[in-house]
Amino acid sequence: MTEISEPVLSLQDIHKAFGGVVAIETFSLDLHPGEIVALVGDNGAGKSTLIKMISGVHAPTSGDIQLEGNPVTFADASGARAAGVEVVYQDLALADQQPVYMNMFLGRELTKGPLGLLDKKSMIAETRSLVEDLDVRIPSAQAIIRDLSGGQRQGIAIARATHWASKLILLDEPTAALGVAETAKVEELIKTLRARNLAVLIVSHSLDQVFRLSDRICVLRRGQQIGVRRTSETDKNEIIAMITGLQSS
Amino acid sequence: MTLLPSTFDIRNYIVYLGFVAIFLFFAITLFDYGFLSTRNLTNIVLQTAPATIMAIGLVYVLSAGEIDLSFGSITAVSALAAAVTMQSYPMPFGVAAGLGVGLAIGAFNGLLVAWLRLPSFLVTLATLGLFAGVARTMTDLRSIPVVDPAFTGFFGSGQLFGVPSLVWWTFFSIAIAHVIYRQTRFGAHILATGDNPRAAQVSGIKVPRIRFLVLTFCGGCAGLAGLLYAGRLQAAKYTLGESDLMTVIAAVIVGGTALNGGKGSVIGALVGSLMMGMLNNGLILMGLSVSDQMIVRGLIILVAVAVSLRDVTR
């Protein structure tokens with residue numbers, strides 16, 4: 001299936017340098033709808049830099065980013081969001097003292113009437129149906145974020161991304177702060193994104209998780225793209241060797 | 001407010017309990033001193049009107065995670081600017097001068113905080129002193145009379161449908177500020193900015209713009225408070241607003257606004273402000289000396305703020 005569909009995201013010969021320091025040598029990758037690709041590598045390998053380029057925070061020094069075949073340059077993160085790219089950050093980017101529904105619509109609140117007053121009713125209703133759809137168990141759409149567990153929060157962050165992303169979701173260490181049961185729940189949630197025909201790029205330090213979730217694995221080492229493997233055709237030893245550089249691809 | 005909070009928290013209602021408790025206390029102990037007379041109760045509302053308007057501005061600023069300490073000085077400079085202008089020009093120019101000065105000083109605070117990223121605490125502490133000095137030099141410490149009957153009526157002693165104009169000012173300011181705060185995207189963005197600036201930023205909210213706007217708005221509120229003082233007292237002096245700093249901050253905090261942003265209440269600030277006004281009034285009626293009043297007021301504020309801010313989960 002991934003061969004016949006056109007890629008959602010296409011990175012071609014991406015190169016990034018901060019001043020004289022090269023963060024990414026050259027990087028190329030295609031992401032297809034309904035596909036989960038994992039980005040792995042040691043600290044400082046360049047994973048975050050890549051995520052930031054795709055989400056519009058940094059611009060590549062050279063190379064092309066294409067969304068559904070069209071070259072794009074994002075002025076900032078809002079540009080990427082407008083194009084259908086959503087990011088779930090490691091620190092969740094939730095406003096803790098606000099209710100769930102306000103977080104779901106953070107910066108994109110619905111309004112009604114000539115005065116442009118907040119349409120809380122619609123936001124609550126949409127939030128409710130979304131969390132039910134994704135089976136994120138929260139007490140209510142009006143619950144305050146601070147009163148929720150880590151897993152529930154991450155569920156909301158992912159639900160928010162799902163709601164707004166039309167093409168691509170970037171997940172940066174989505175379960176780094178979660179316990180075992182909560183991790184399992186969030187992984188289930190990530191798998192459902194496949195059925196929604198979204199492309200998912202996930203950064204994770206847990207190889208077990210990468211093997212449970214991904215269709216393909218892309219390895220970075222010190223800014224070099226070491227290789228891409230089908231998850232079904234590789235094993236942990238090979239990936240670890242690629243990450244650590246004990247065996248060249 | 002159709003939405004019930006998900007968890008009941010007594011701290012959200014402390015201002016209403018405090019208000020009722022203080023009211024009952026004075027109603028009983030000062031019954032023979034006319035505390036409950038319509039005239040005295042109306043007086044409390046009239047006297048707190050400027051402080052209530054300042055409190056609105058502070059709710060916005062605190063909710064966005066910033067603070068403004070300079071509003072008292074802005075009030076004085078605005079009142080003086082209006083009074084001086086009206087010595088030679090008609091009332092609309094005086095009003096424009098008063099509000100314009102308030103907004104301009106607020107914008108100056110906002111500029112330094114939003115785009116130079118200086119801490120609002122230090123910026124507004126500096127402008128508090130700076131504009132207190134300006135207020136003193138503007139008129140050589142003299143008091144400037146405000147005689148225009150249209151102005152003193154509109155902003156001070158006038159009435160509409162038998163209700164004093166200061167009550168109307170309080171009512172409309174609170175109503176509009178409450179709706180903007182609770183029911184508009186701007187209000188939601190203020191809360192998001194104060195709650196988690198990074199989350200607000202990555203969600204496309206222009207955080208510096210919000211910081212600039214709340215501080216400008218607070219300056220505008222202080223400017224309006226200056227006009228109300230000038231209208232009620234029929235004069236402007238550098239001391240206007242000087243003693244309101246502690247009262248207004250206390251009113252806002254007791255009213256349920258978080259010191260570190262993301263949470264607040266305009267209605268709470270109104271009730272907090274009326275509570276402080278009632279306290280002042282009651283202590284005077286009790287015959288306490290000015291020094292004793294300061295001590296009692298300070299202690300009561302300390303208790304109220306402590307109860308409001310104490311986090312029971314920690």
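General observations
- Dipole in debye (nearest 20) - the protein assembly as shown, about Cα centre, beta carbon charges: Lys, Arg +1; Asp, Glu -1: 960
- The trypsin sites (Lys or Arg not before Pro) found in the stretch A:108-208 that occupy coil by DSSP, while having at most 15 further C-beta atoms within 10 Å, are A:ARG108, A:ARG137, A:ARG196.
- Convex hull volume of the C-alpha atoms in the stretch B:1-148, normalised per residue: 200 Å³.
- Segment A:ALA195-A:VAL22, extension gain: residue separation times 0.36 nm, minus the distance between their alpha carbons: 58.6 nm
- Here the simple spin-label model places points 7 Å from the Cα toward Cβ, and for A:ALA241 and B:VAL163 these points are separated by 8.2 nm.
- With helices as the sole contributors, chain A gives -9500 deg cm²/dmol at 222 nm; each DSSP H run of n ≥ 4 counts as -39500 (n - 2.57), and the sum is divided by every residue.
- Note that chain B shows a convex hull volume over its alpha carbon atoms of 148 Å³ per residue.
- Neighbour cut-off at most 11 other Cβ (10 Å), DSSP loop, chymotrypsin sites (Phe, Trp or Tyr not before Pro), the stretch B:138-220: B:PHE161
- Under the Karplus curve 6.51 cos²θ - 1.76 cosθ + 1.60, θ = phi - 60°, whole-Hz ³J(HN,Hα) for the stretch B:128-140, x wherever Gly or Pro sits: 4, x, 4, 7, 5, x, 4, 4, 6, 6, 3, 10, 6
- Taking N as its residue count, the alpha carbon Rg of the stretch B:244-314 over 2.2 N^0.38 Å: 1.16
- If you plug the beta carbon distance of A:HIS205 and B:VAL303 into 1/(1 + (r/R0)^6) with R0 = 35 Å, you get a FRET efficiency near 0.10.
- FRET efficiency, B:LYS206 to A:ASP42 (Cβ-Cβ, R0 60 Å, nearest 0.05): 0.95
- Dipole moment magnitude, nearest 20 debye, the stretch B:10-308 about Cα centre, only Lys, Arg, Asp, Glu C-beta charged: 660
- For chain B, adding -39500 (n - 2.57) for each run of n ≥ 4 DSSP H residues and dividing by the number of residues yields -23500 deg cm²/dmol at 222 nm.
- All other residues whose Cβ lies under 11 angstrom from that of B:ARG185 are scored, Lys and Arg at +1 and Asp and Glu at -1, for a net of -1.
- C-alpha center-to-center spacing [the stretch A:1-64, the stretch A:143-181] in angstrom: 22
- Label sites at B:ASN12 and A:ASP76, each approximated as a point 7 angstrom past Cα along Cα to Cβ, lie 3.3 nm apart.
- For the stretch A:55-113, fraction of C-alpha pairs farther apart than 12 Å, in %: 75
- For the stretch A:37-153, the C-alpha radius of gyration sits at 1.29 times the compact-globule guess of 2.2 N^0.38 Å, with N the residue count.
- Residues in the stretch B:46-60 carry Karplus couplings, in order, of 4, 6, 8, 3, x, 5, 5, 5, 4, 4, 4, x, 5, 4, 4 Hz; the curve used is 6.51 cos²θ - 1.76 cosθ + 1.60 with θ = phi - 60°, and Gly or Pro positions show x.
- A Förster radius of 60 Å combined with the Cβ-Cβ distance from B:LEU36 to A:ALA176 puts the calculated FRET efficiency at roughly 0.45.
- Considering the stretch A:127-237, its Cα convex hull presents a mean projected area of 8.0 nm².
- Separation of the A:ASP135 and A:SER122 label points, Cα + 7 Å toward Cβ, nm: 3.0
- Flagged links, alpha-carbon separation over 24 Å, of A:LYS185/B:LYS263; B:LYS206/B:LYS263; A:LYS47/A:LYS167: A:LYS185/B:LYS263
- In order along the stretch B:266-278, the phi-based Karplus estimate (6.51 cos²θ - 1.76 cosθ + 1.60, θ = phi - 60°) of 3J(HN,Hα) comes to 6, 4, x, 5, 4, 5, x, 5, 5, 4, 5, x, 4 Hz; Gly and Pro are listed as x.
Rule-based calculations on the coordinates, nothing more; no lab input. Predicted model, so just to flag it, every value in this text is computed and none were measured. Positions of Cβ are backbone-derived with ideal geometry, glycine not excepted, and every protein chain shown enters the neighbour counts.
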